[in-house]
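The next block holds one structure in the form of structure tokens; read it before the comments.
Please treat every number below as a calculation from the coordinates, not as lab data. None of these values were measured; they are calculated from a predicted model. Every residue, glycine as well, gets a Cβ built from its backbone with ideal geometry; the counts of neighbours run over all protein chains shown.
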Amino acid sequence: MARIASLLILMIVALAPIAASADPSKEASNLFDRWVAAFNANDIDTLVNLYAPDATFVGTLGKNLLHGRSAVRAYFARLAGSGDHVTIGEREIVALDDHVAYITGSYEFTTAREVRRRTSPARFSMILIKHGGTWLIVHHHSSRRPPDPVVLPSRRAENIEIGGLAVAARAEPFDIRPCAGCRPGSLAGPLSPHG
């Protein structure tokens, strides 16, 4: 009987770390949920403290790679009391091991400035590391999501006559996107220099 009790105690001790270990994907998801809640509360202190002291960050409106919490704080300074809001679209969380995970997906920011509301769709990726029992964001990249191209219906193919010969006119969809290399308001398409 003592031998069975000893074996049972040994099994409990051996399995205890497995039972105590949380799912890293769930822990990473919890950190991301706290990030969303802090952003939506416009709570800069809580938001910034979710980043590692040496985190790197490329903000949706940023032009440069930022380093450290003080740079993250400066980026989010305009958030204080703004009423800005983020809504999460799709997201995928992948745990690489018990201490490293990444999150990627899409979100949409809503800003309210001078009674004008504006939404900005964006995509993101974050790398999270668990250090000393705490999950922190060590890298965050966010960029605007480009607009979907506007596709006009195909032109109808018609036979035309050229010099007495019947020739089928070419029909193709017409794709219109903002033209990055043209003057403001120009569109890229088959007739533009960038189509």
Correct semi-axes for region 56-118, from √(5λ) of the alpha-carbon gyration tensor and rounded to whole Å with the largest first, are 26, 18, 10
Among trypsin sites (Lys or Arg not before Pro) in region 50-101, those in a DSSP loop whose Cβ has at most 13 other Cβ atoms within 10 Å are Lys63
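Starting from the Kirkwood radius over alpha-carbon pairs of region 21-144, derive D by Stokes-Einstein at 10 °C in a medium of 1.306 mPa s and give it in µm² s⁻¹. If you can, show how the numbers build up before the last one.
On the way: Rh = 14.7 Å.
Calculated translational D: 108 µm²/s.
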